[in-house]
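Asks: Pasting a structure below so you can have a look.
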Amino acid sequence: MKIHEYQARDLLRSYGIPVPEGRMITSIEEASAAFSEVTKDMGSPLAVVKAQVHAGGRGKAGFVKLVKSAKEATEAARFMLTNRMKSPQTPEEGLEVKRLLIAQAADIADRAGAKGAKEEFYLAVTTDRASKRNVLIASREGGVEIEQVAHDRPDAIVKVGMHPIMGLQPHEAREVAFKLGFKGKQVGQAVGIMLALAKLYAEKDCTLAEINPLIITPATSDAPDGRVIAIDAKFSFDDNGLFRHKDIVAMADPTEENPAELKAQKFGLSYIALDGNIGCLVNGAGLAMATMDIIKHHGGEPANFLDVGGSASEEAVTEAFSIILGDAAVKGVLVNIFGGIMRCDIIAQGIVNAATKFKNPDGSTGFKVPLVVRLEGTNVDAGRKLLEGAKDKLPTLQAATDLTDAAKKVCAAVG
Ligand code: GDP
Ligand code: MN
């Protein structure tokens, strides 16, 4: 699960990481008041208007704008709320923007000795599967070019593996702060932020906690080294840990998720859309992968990965069909069930029910695409008998004797 930047900022703040003040708005009309509110204590008011979508690359797409007046804030809000945002991280048609963040703009200090460059850093915690540890990832070259930096100059990225129980240690964070070039009072601030981010990551069961950029503000009389603050953040959470984080679940924005995947989640199905044209309905992740492999082996392309789980109900099977057939690219369906905990007669009944209920775009009911079914295991005879008896409801059904037979039949059926 992901959250928006304005929520990520709240989370950072709750762990003591400094973030400029901001307001979330959902309409153009709110922009003016939000601007006045967040800039009321600033000598010369400056705010930043930012699209709130679950994708990055906003700066380069024109969806992060610095504004000096309520009027400019309103114009920026109008642009962002009436245009789709397109970046390398969005689908081709872009994303509709429904929320904006209006925040106090931060001044970013110039980087000494690097003409035109600003003090922008990258800081993240994630899990490194290879070393089986959480890692702190940091770079002096933060900002909008970080992907390029990681690709061209991997040596500009610092990585620290953390002890599984002890977590990030202060001396490790200090070493990173020095490597990144923090000086004087900045070091303590950067260390505090790194330790807080690592703690947040562990406590909230994150899969990614990222600050980009972390910046240094210009020197002032009461802060001669400037201040280290976060001005953008991104979080992903482990879905399997969400049951113990009601506060995080409350931040979910269903309008930002893939509708088919959301529906699947609701019925306990694991569904991932793919590019092919053969829909797959399988029980068990391993069997689902084997099914996809054998489809490919016989020249076909799977349209999805769908695991109905070990104990799916008739209702879940019905939903699974509606999700698979909701994808217009699907030209044939392969049902591959090995009945263990799951009984084949339940699946068969689910198939019959789904066929009876399924509505085509033209209003007719029933499956139009070829359906190949391979059942094996618990109650298989009862399952086969059920399908046999419902032939009138399943005119496109072909029974398969084994997995190879099933793959061949469905590949032939879709051409
Ligand atoms: P992203 O492009 O989606 O990652 O959006 P960011 O919030 O990271 O903004 C992109 C870039 O805009 C940053 O790297 C900064 O250079 C700039 N930027 C964003 N917010 C501010 C701000 O408050 N003040 C200044 N001076 N620049 C900002
Ligand atoms: Mn950013």
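The values are calculated or read from the model by the stated rules, or taken from the named source; none is laboratory data. In this text, all values refer to a predicted model and were calculated from it rather than measured experimentally. Cβ: placed from backbone, ideal geometry, glycine included. Neighbour counts: every protein chain shown. Heavy atoms of the whole protein, side chains included, go into the accessibility calculation; ligands, DNA and RNA do not. Shrake-Rupley method; radii C 1.70, N 1.55, O 1.52, S 1.80 Å.
Asks: Place +1 on the Cβ of every Lys and Arg and -1 on the Cβ of every Asp and Glu in the chain, take the dipole about the Cα centre, and give the residue among 66, 252, 330 whose Cα lies farthest towards its positive end.
Replies: Final value for the positive-end residue is 66.
Asks: Also, quick follow-up: Given a Förster distance of 60 Å, report the FRET efficiency between residue 89 and residue 222 from their Cβ-Cβ distance, rounded to the nearest 0.05.
Replies: Using R0 = 60 Å, I get an efficiency of 0.95.
Asks: I would also like to ask the following. Obtain the nm distance between the two label points defined at residue 60 and residue 178 by a simple spin-label model: each point lies 7 Å from its Cα along the Cα-to-C-beta direction.
Replies: Roughly 3.5 nm, to one decimal.
Asks: What's the angle, to the nearest 10 degrees (0 to 90), between helix 70-82's Cα axis and the longest principal axis of the chain?
Replies: The helix 70-82 is inclined about 20 degrees to the chain.
Asks: Suppose every Lys and Arg Cβ carries +1 and every Asp and Glu Cβ carries -1, with no other charges. What dipole size does region 1-58 come out with about its Cα centre, to the nearest 20 debye?
Replies: 240 debye
Asks: Further, regarding this structure: What relative contact order, as a whole-number percentage, does the chain give when Cα pairs under 8 Å and 6 or more residues apart are counted?
Replies: Relative contact order for the chain comes out at 12 percent.
Asks: Checking the a/c ratio against 1.5 first, then a/b against b/c, what shape does the Cα gyration tensor give for region 313-415?
Replies: Taking the square roots of the gyration eigenvalues as a ≥ b ≥ c, region 313-415 is oblate.
Asks: For region 375-401 and region 323-345, what is the centre-to-centre distance using only Cα atoms, to the nearest Å?
Replies: Here the two parts' Cα centres lie 13 Å apart.
Asks: With only Lys, Arg, Asp and Glu charged, each at its Cβ (+1 for the first two, -1 for the last two), find how big the charge dipole of region 350-415 is about the Cα centre; round to the nearest 20 debye.
Replies: The calculation lands at about 180 debye.
Asks: Report the full-extension gain for the segment residue 13 to residue 298: residue separation times 0.36 nm, less the Cα-Cα distance, to one decimal in nm.
Replies: Additional length available on full extension: 97.2 nm.
Asks: Roughly speaking, to the nearest percent, how much of the chain's 1.4 Å accessible area is carbon and sulfur?
Replies: Accessible surface attributable to carbon and sulfur in the chain totals 54 percent.
Asks: Can you tell me, using C-alpha contacts under 8 Å and at least 6 residues apart, the relative contact order of region 309-371 as a whole percent?
Replies: 41 percent
Asks: OK, next. From the phi angles alone, apply the Karplus equation (6.51, -1.76, 1.60; θ = phi - 60°) to region 46-61 and give each ³J(HN,Hα) in whole Hz, x where the residue is Gly or Pro.
Replies: 8, 10, 10, 9, 9, 5, 9, 9, 7, 7, x, x, 5, x, 5, 7
Asks: Next question. Tell me, in nm to one decimal, what length is gained between residue 118 and residue 27 on full extension, where the rule is 0.36 nm per residue of separation less the Cα-Cα distance?
Replies: 29.5 nm
Asks: Rounded, prolate or oblate: which fits the chain, taking a ≥ b ≥ c as square roots of the Cα gyration tensor eigenvalues, rounded meaning a/c under 1.5, else prolate when a/b beats b/c?
Replies: It comes out prolate by the Cα gyration axes.
Asks: Could I ask something else about it? Taking the Cα-to-Cβ direction at residue 41 and at residue 153 and moving 7 Å from each Cα, how far apart do the two end points lie in nm?
Replies: Taking the two extended label points, one gets 3.7 nm.
Asks: Here's something else I'd like to know. Using a Förster distance of 56 angstrom, determine the FRET efficiency expected from the C-beta separation of residue 328 and residue 68, and round it to 0.05.
Replies: Details: r = 47 Å, r/R0 = 0.84.
Rounded to the nearest 0.05, the efficiency is 0.75.
Asks: Something else about it: Between residue 165 and residue 244, what is the spin-label point distance in nm, taking each point 7 Å from the Cα along the Cα→C-beta axis?
Replies: Roughly 1.7 nm, to one decimal.
Asks: If you don't mind, another one. Treating the beta-carbon of each Lys and Arg as +1 and of each Asp and Glu as -1, no other charges, what is the dipole magnitude of the chain about its Cα centre, to the nearest 20 debye?
Replies: In total the dipole reaches around 260 debye.
Asks: Output the antiparallel fraction of DSSP beta bridges having both residues in the chain, as a percent to the nearest 5. List each step's numbers first, then the result.
Replies: Values: 48 of 65 bridges.
Of those bridges, close to 75 percent are antiparallel.
Asks: Pairing the Cα long axis of helix 170-180 with the longest principal axis of the chain, what angle in degrees results, from 0 to 90 and rounded to the nearest 10?
Replies: 80 degrees
Asks: Using the Karplus curve 6.51 cos²θ - 1.76 cosθ + 1.60 with θ = phi - 60°, what ³J(HN,Hα) values do you get for each residue of region 261-270, in whole Hz, with x for Gly and Pro?
Replies: 5, 5, 4, 4, 4, 4, 9, x, 9, 9
Asks: Out of residues 5 or more away from residue 284 or on other chains, whose amide H comes under 5 Å of its own, with H placed 1.01 Å from N in the peptide plane?
Replies: Here the answer is 308, 309, since their amide H atoms fall under 5 Å of that of residue 284.
Asks: If one computes the Cα centroid of region 52-76 and of region 114-165, what distance in Å separates the two points?
Replies: 26 Å
Asks: Mind ranking 243, 237, 178 by accessible surface for me, highest first, 1.4 Å probe? Don't skip to the end; give the middle numbers.
Replies: Working: 243 140, 237 10, 178 115 Å².
In descending accessible area the options line up as 243, 178, 237.
Asks: Apply the Karplus curve 6.51 cos²θ - 1.76 cosθ + 1.60, θ = phi - 60°, to the phi angles in region 295-304 and return the couplings in whole Hz, x for Gly and Pro.
Replies: Values per residue, Gly and Pro as x: 4, 5, 4, 9, x, x, 10, x, 8, 6 Hz.
Asks: Would you please classify the overall shape of region 1-122 from the alpha carbon gyration tensor, given that a ≥ b ≥ c denote the square roots of the eigenvalues, rounded means a/c under 1.5, and beyond that prolate means a/b larger than b/c while oblate covers the rest?
Replies: Values: a/c = 1.36, a/b = 1.12, b/c = 1.21.
Judged from the Cα gyration tensor, region 1-122 comes out rounded (a/c under 1.5).
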